[in-house]
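Undergrad: First the structure, then my questions, so here it is.
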Amino acid sequence: MKLVFLGTSGSTPTKERGLTSVALQFDGNVFLFDCPEGTQRQMMKSKTSYMKINHVFISHFHADHFLGLPGLLATMAIHGRTNDLNIFGPKGIEKKIKDLIKLSEFKLSFEIKAQEIKKGIIVKENNYSITAFPLKHEIECHGFVFKEKDKEGEFNRAKAEALKIPAGPLYSKLAEGKKIKFEGKTFSPEQVMDYSKARKGRKISIVFDTLANNSYLKQIEESDILVHESSFLEEKKARALETLHSYAKQVGALAEKAKVKKLYLIHLSPRIKEIERIENEARMEFAESFVAKDLDSIEIMQN
Ligand SMILES: [Zn+2]
Ligand SMILES: [Zn+2]
């Protein structure tokens, strides 16, 4: 599992930083969170394959978060993509995409499945799920949690063989925690599972534009990685409150409260020249705080 910061600037790009976008690589897939202008080149530079993107999440419709979408779709079409693409976004996402495509006059070679984000689980697969939660911003905006499924234990084949259970679908059922019947006898998962091998699935929370607040504390709790916007320093607190953005100290405090393992700050105001100040301010509240740079990538090891 790898997290790549494609861009880390808020509202406008700078010479050093592209607009905020995050890619998560997991199990051969790429999940793209926000797609501002410049995203494609950052993907190329970071060797993130856009052909492996099956899910795009758009947090909100401010220009610095989604205007790279038509370009990305056009590139996918030029390269002959045929797989469906799931795009999740705020209310009206389907029309927005249609308008963008119409505006840019290109033909899609694949189908787009646009879905409006509702609070709760929006993607659920065997080995992971993605949950959305509302943020506090000028317009409808969501944060996301990527959660790998917890592993309850490991199937012990030797034990199953000793019980003379034949290999095959019965093994899968036991591994899934179901009781089975074989030759008149009932077997329960406890007889074949090694629960000492249990481990928690990795949890990555990504919080875009918002005034940092407790309303989503539960959702981000105990994340292995929390990625959070931090547009300002505390000295611009009034501005943060007014524009519904966060400042570093507040985000650090939230990370501490949520007991996350590591915090990465993104969406920095282009006006802040001394980036260390943001990191230091967050670290006063939470030691494991880092300002993300463009193209930084983090391997997230299994727990
Ligand atoms: Zn923004
Ligand atoms: Zn915004």
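Undergrad: Given (1) within 16 Å of ligand 2 (Cβ to nearest atom); (2) of a type in the set (A, V, I, L, M); (3) at pLDDT below 95, where does residue 103 come up short, assuming only one miss?
TA: Here residue 103 clears every test but (1).
Undergrad: Tell me, which residue of the stretch 279-293 that is over 18 Å from the mean Cα position of the chain (by Cα) and charged (D, E, K, R) is nearest to residue 247 (Cα to Cα)?
TA: Here the residue is 281.
Undergrad: Moving to a separate point now. Being basic (Lys, Arg), assigned by TED's automatic domain parsing to the domain that holds residue 255, in contact with a strand residue (DSSP E or B) (Cβ under 9 Å, 6 or more places away or on another chain) and loosely packed, with under 12 Cβ neighbours inside 10 Å is the requirement here; does residue 124 meet it?
TA: Spelling it out, residue 124 is indeed basic (Lys, Arg), assigned by TED's automatic domain parsing to the domain that holds residue 255, in contact with a strand residue (DSSP E or B) (Cβ under 9 Å, 6 or more places away or on another chain) and loosely packed, with under 12 Cβ neighbours inside 10 Å.
Undergrad: Sort out which residues of the stretch 256-300 are touching a residue at least 60 places away in the same chain (Cβ under 8 Å) and more than 13 Å from residue 228 (Cβ to Cβ), and write them in order of number.
TA: Within the stretch 256-300, 269, 270, 293, 294, 295, 296, 297, 298, 299, 300 meet the criteria.
Undergrad: For residues that are basic (Lys, Arg) and in a helix (DSSP H, G or I), scanning just the stretch 34-73, find the one that is nearest to ligand 2 (Cβ to nearest atom).
TA: 41
Undergrad: Only residues in the stretch 109-138 that are more than 30 Å from residue 247 (Cβ to Cβ) count as the first member; pair them with residues that are aromatic (Phe, Trp, Tyr) and surrounded by 18 or more Cβ atoms within 10 Å (Cβ to Cβ), Cβ under 7 angstrom, at least 6 apart or cross-chain, and list the lot.
TA: That search, which allows pairs on different chains as well, returns 115/88; 128/146.
Undergrad: Also, I was wondering about something else. Taking the stretch 1-33 as the search range and keeping residues that are assigned to a loop (DSSP other than H, G, I, E, B) and in contact with a Gly (Cβ under 8 Å, 6 or more places away or on another chain), which one is farthest from residue 62 (Cα to Cα)?
TA: Selected residue: 17.
Undergrad: Please go through the stretch 74-107 and give me each residue that is within 26 Å of the chain's Cα centre (by Cα), over 21 Å from residue 134 (Cα atoms) and either outside any helix (DSSP H, G or I) or of a type in the set (S, T, N, Q) (or both), ordered by number.
TA: 75, 79, 81, 82, 83, 84, 85
Undergrad: Please indicate, with yes or no, whether at least one residue in the stretch 102-109 is aliphatic (A, V, I, L, M), closer than 27 Å to residue 229 by Cβ and either within 16 Å of ligand 1 (Cβ to nearest atom) or surrounded by 14 or more Cβ atoms within 10 Å (Cβ to Cβ) (or both).
TA: No, the stretch 102-109 contains no residue that is aliphatic (A, V, I, L, M), closer than 27 Å to residue 229 by Cβ and either within 16 Å of ligand 1 (Cβ to nearest atom) or surrounded by 14 or more Cβ atoms within 10 Å (Cβ to Cβ) (or both).
Undergrad: Considering 265, 244, 254, which residue is under 23 Å from residue 215 (Cβ atoms), within 16 Å of ligand 1 (Cβ to nearest atom) and surrounded by 24 or more Cβ atoms within 10 Å (Cβ to Cβ)?
TA: Of 265, 244, 254, the one residue that is under 23 Å from residue 215 (Cβ atoms), within 16 Å of ligand 1 (Cβ to nearest atom) and surrounded by 24 or more Cβ atoms within 10 Å (Cβ to Cβ) is 265.
Undergrad: Can you run down the residue pairs with Cβ atoms below 6 Å, 6 or more apart or on separate chains, where the first is in the stretch 199-222 and away from ligand 2 (no atom under 16 Å from the Cβ) and the partner is modelled with pLDDT under 95 and hydrophobic (A, V, I, L, M, F, W, C)?
TA: none
Undergrad: Same structure, new question: In the stretch 233-276, which residue that is assigned to a strand (DSSP E or B) and under 19 Å from the mean Cα position of the chain (by Cα) is farthest from residue 21 (Cα to Cα)?
TA: Once the filter is applied, the top-ranked residue is 262.
Undergrad: Might you let me know whether the stretch 25-39 holds any residue that is under 30 Å from residue 274 (Cα atoms), surrounded by 22 or more Cβ atoms within 10 Å (Cβ to Cβ) and away from ligand 1 (no atom under 13 Å from the Cβ)?
TA: yes
Undergrad: Kindly indicate whether residue 20 is within 13 Å of ligand 1 (Cβ to nearest atom), surrounded by fewer than 18 Cβ atoms within 10 Å (Cβ to Cβ) and among the β-branched types (Val, Ile, Thr).
TA: In short, no.
The values are calculated or read from the model by the stated rules, or taken from the named source; none is laboratory data. All figures in this text were calculated on a predicted structure; none of them were measured in a lab. Neighbour counts run over all protein chains shown; Cβ positions are idealised from the backbone, glycine included.
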